[in-house]
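Notes to accompany the following structure.
The values are calculated or read from the model by the stated rules, or taken from the named source; none is laboratory data. Remember, predicted model here, so these are calculated numbers, not experimental data. With ideal geometry, Cβ positions are generated from the backbone for all residues, glycine too; neighbour counts draw on all protein chains shown. To get the accessible areas, we keep the full protein, side chains included, count just its heavy atoms, and leave off ligands, DNA and RNA. Shrake-Rupley method; radii C 1.70, N 1.55, O 1.52, S 1.80 Å.
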Amino acid sequence: MAVMQETTRIVLAGKEPRSTRTPRSAGGWLVLLGKVILGALFVIASLFPLAWMVIAGFKSKTEVVETPFQFFPEVWLWQNYAQILADPTFLRTLAWTFFGAILFTVGSLAVNSLAAYAFARLDFRFKGLIWTVVITTMFIPGMTILLTSFIVVTRLAMLDTLAVLVIPGLASAGMVFFIRQFYLNIPKSLEEAAMLDGCGRFGIFWRIFLPLSKPPFVVMGITAFLAYWNSYVWPILTITSPEKFVLQQYLATFRSERSTELGLLMAGSVLAAAPVIILFLIFQRQIIGNIKMAGLK
């Protein structure tokens, strides 16, 4: 009681009460210093390959592999980036991959959000069993069904088309699970009010759930975009026409055909990674916040 009266007296007098924080001990400072050092080492280890790739793009083809190792080039060659940007094949591949990634992201969000809504709000026969089967597919490695997937798309005459890159990967159990967890926390009173106004199930999804879906859509949309942008094994199996190559195929072909021009290859790799890095920097706050929110729920 005396402490409360003293605090009230100080506040009324226009002064802030003194902090009651316990001073950090010598051991506490050592622990903090250790955490800072470990964090700095982790950041350096994470950023060093990216930094080296960027700088290697300014080196000549001999400087990239010369010994002893030299981080910075003796002469900064801007021609590598200028040459790769002037390559019409690279620009066409970049635009083609970006177009496919947008289609894949939009289609994936549409398919999986509808499935998530069905599992979160609709009641139908064998719902529990079907949900168990869907979740079980999360634990099946993609490589194990690669051959069967290839046989299916071959019989459907989808090889060497944009459809074979987009359609097979649209449905994702992980994405359905993530979005469903978000939909389970939307109050049912919103649905009941919409039903009283004569709204059907699809109308409820379109007018209520979809506008509220920005948090999971940001996280899952970027995940889908990255999955398409970085895809390599599946395009190698299903795409044979050079004009339909995705970005990773182009870089792999470039490396095999012009293996000595490593500086040019590093410049192309940097430009291929740039859109992904920019995307993350733009949405990093939403990504981290939404993942935390999903974890708390």
_Accessible area in the full protein assembly, largest first, 1.4 Å probe, for MET53, MET175_ = MET53, MET175
*Cleavage-rule hits (chymotrypsin sites (Phe, Trp or Tyr not before Pro)) in the range 90-165: DSSP loop, at most 11 neighbouring Cβ within 10 angstrom*: PHE124, PHE126
*222 nm [θ] for the chain, helices only, -39500 (n - 2.57) per DSSP H run of 4+, per residue, to 500?*
-22000 deg cm²/dmol
*Note the full-extension length gain between ILE102 and SER25 as 0.36 nm times their separation in residues minus their Cα-Cα distance, in nm to one decimal.*
22.4 nm
*Largest first, how would LYS127, LYS61 line up by accessible area (1.4 Å probe)?*
LYS61, LYS127
*Largest first, what is the accessible-area ranking of TYR183, TYR232, TYR81 with a 1.4 Å probe?*
TYR232, TYR81, TYR183
*Given the protein chains as shown and a 1.4 Å probe, how many square angstrom of LYS59 are accessible, to the nearest 10?*
0 Å²
*Let me know the shape class of the range 22-167, please: from the alpha-carbon gyration tensor, a ≥ b ≥ c as square roots of the eigenvalues, rounded when a/c is under 1.5, otherwise prolate if a/b is greater than b/c, or oblate.*
oblate
*Could you give the length gained on full extension between THR260 and LYS127, defined as 0.36 nm per residue of separation minus the Cα-Cα distance, in nm?*
42.2 nm
*By the gyration tensor of its Cα atoms, with a ≥ b ≥ c the square roots of the eigenvalues, what is the shape of the chain: rounded for a/c under 1.5, prolate for a/b over b/c, or oblate?*
oblate
_Between ALA40, ALA51, ALA193, where does the largest GNM mean-square fluctuation fall for the chain, given springs only between Cα atoms within less than 10 Å?_
ALA40
_If you count only protein heavy atoms and use a 1.4 Å probe, how large is the accessible surface of SER46, to the nearest 10 Å²?_
60 Å²
*At a Förster radius of 22 Å, what calculated FRET efficiency corresponds to the Cβ-Cβ distance of ALA110 and ALA193, to the nearest 0.05?*
0.30
_Cα centroid separation, the range 97-115 to the range 160-201 (Å)_ = 13 Å
*Take each uninterrupted DSSP H stretch in the chain, measure its Cα extent along the helix axis, and return the ones at 24 Å or beyond whose mean Kyte-Doolittle hydropathy is at least -1.0.*
26-56, 88-121, 262-296
*Using the Cα gyration tensor of the range 138-238, with a ≥ b ≥ c the square roots of its eigenvalues, what is the shape: rounded (a/c below 1.5), prolate (a/b larger than b/c) or oblate (neither)?*
prolate
*Give the calculated FRET efficiency between LEU85 and PHE42 to the nearest 0.05, with a Förster radius of 41 Å applied to their Cβ-Cβ distance.*
0.80
